[in-house]
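The values are calculated or read from the model by the stated rules, or taken from the named source; none is laboratory data. All values derive from a computational prediction rather than experimental measurement. All Cβ positions, even for glycine, are placed from backbone atoms using ideal geometry, and neighbour counts span all protein chains on display.
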Amino acid sequence: MIEPKLHSIQKVTKGTLKNQISAQIKELILTNSLQPGQPIVIGKLADEFGVSHIPVREALAMLERDGLVELNSYQNPKVADVTAVDVKEVYEMRLMVESWAVERAAKNLTDGQIEHIDDLLEIARKEAAFNNYGPHLKVDLLLHETILRSTNNKLFWVLAERIHERSILIRALVEAKGTSQDITQIIDEHCLITKALRAHDTEQVRKAMVAHLEAGCERTLRVLDQLS
């Protein structure tokens with residue numbers, strides 16, 4: 001059987017090959033073009049990227065550190081599986097770091113930054129009506145990363161980035177396997193967060209973030225249960 005090509009892959013140029021390849025594989029995982037548990041054939045990826053096996057292996061090692069890929073000496077690498085324990089652990093950590101960070105974001109983000117995210121949320125809502133969830137996933141990641149970076153605390157970002165990266169696979173699961181109602185609800189929750197950010201209301205924005213993350217954990221566990 002002839003395997004279909006991963007059409008979103010682009011040839012990479014000389015430079016930091018492993019970084020370029022890592023970013024593209026991450027995008028494939030993020031969009032569920034590569035799904036949890038799916039084997040990754042290094043030779044096939046190397047051919048499609050137009051490189052040797054070495055930078056592909058190096059890129060996969062980077063993604064293993066992010067919790068997105070599992071490497072095995074005797075089998076093909078694979079996209080990391082997602083378990084209920086993984087979901088609970090990631091959301092527990094997100095609740096800790098993002099509920100703190102969003103209060104700082106209410107003080108530090110400019111109206112222009114918030115308005116830009118609101119514009120993207122409106123685009124995501126319109127596209128979701130046509131079952132196109134790509135814009136939603138991008139603004140989802142942008143909103144949360146913007147909040148985490150807004151603390152202006154470099155040490156915090158080092159820690160928060162690891163949690164943010166590990167959450168990608170889990171968050172993409174709902175976008176790929178959840179319902180249109182799930183996506184609409186997430187967008188509504190994001191809008192409540194940006195509304196509180198615009199008001200610079202630290203108490204309300206923290207409540208909105210906690211409610212959003214608790215609902216997100218429940219959504220993800222439900223989708224995971226349906227897939228098992």
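Assorted remarks:
- Just one of (1) of a type in the set (D, E); (2) closer than 25 Å to Y133 by Cα; (3) at pLDDT below 95 fails for E64. It is (2).
- Every residue from segment 129-148 that is closer than 17 Å to E27 by Cβ and of a type in the set (A, V, I, L, M): L137, V139, L141, L142
- Condition met for A59 (outside the structural domain of L169 (by TED's automatic domain parsing) and closer than 30 Å to S150 by Cβ): yes
- Any chance R94 is more than 18 Å from the chain's Cα centre (by Cα) and touching a residue at least 12 places away in the same chain (Cβ under 8 Å): no
- Out of L28, L95, L6, one residue alone is surrounded by fewer than 18 Cβ atoms within 10 Å (Cβ to Cβ) and at pLDDT below 90. It is L6.
- Residue check, A106 surrounded by 15 or more Cβ atoms within 10 Å (Cβ to Cβ), assigned by TED's automatic domain parsing to the domain that holds I170, over 30 Å from I42 (Cα atoms) and of a type in the set (G, A, S): yes
- Some residue of segment 198-209 being over 27 Å from R65 (Cα atoms) and among the small types (G, A, S): yes
- Qualifying residue in segment 194-203 (condition: surrounded by 19 or more Cβ atoms within 10 Å (Cβ to Cβ) and within 16 Å of the chain's Cα centre (by Cα)): no
- Checked against the criteria, D119 counts as without any contact (Cβ under 8 Å) to a residue 40 or more places away in the chain, under 26 Å from S180 (Cα atoms), out of contact with any Cys (no Cβ under 9 Å at 6 or more places or on another chain) and assigned to a helix (DSSP H, G or I).
- Q181 being part of a helix (DSSP H, G or I) and without any contact (Cβ under 8 Å) to a residue 12 or more places away in the chain: yes
- Any hit, segment 186-194, residues being outside any helix (DSSP H, G or I) and at negative phi: no
- Filtered residue count, segment 37-90, keeping only those that are in a loop (DSSP other than H, G, I, E, B), within 18 Å of I163 (Cα to Cα) and touching a strand residue (DSSP E or B) at 6+ places or on another chain (Cβ under 9 Å): 3
- Count - residues of segment 63-75 that are more than 15 Å from L169 (Cα to Cα), among the hydrophobic types (A, V, I, L, M, F, W, C) and in contact with a Lys or Arg (Cβ under 8 Å, 6 or more places away or on another chain): 0
- Across segment 175-188, the number of residues qualifying as within 28 Å of A106 (Cβ to Cβ) and surrounded by 16 or more Cβ atoms within 10 Å (Cβ to Cβ) comes to 6.
- Of all residues in segment 109-166 being over 13 Å from H190 (Cα atoms) and of a type in the set (G, A, S), the one that is surrounded by the most Cβ atoms within 10 Å (Cβ to Cβ): A160
- Yes/no for D225 being touching a Lys or Arg at 6+ places or on another chain (Cβ under 9 Å) and among the charged types (D, E, K, R): no
- Flag not set for L121, criterion: farther than 27 Å from L28 by Cα, of a type in the set (A, V, I, L, M, F, W, C) and modelled with pLDDT of 95 or more.
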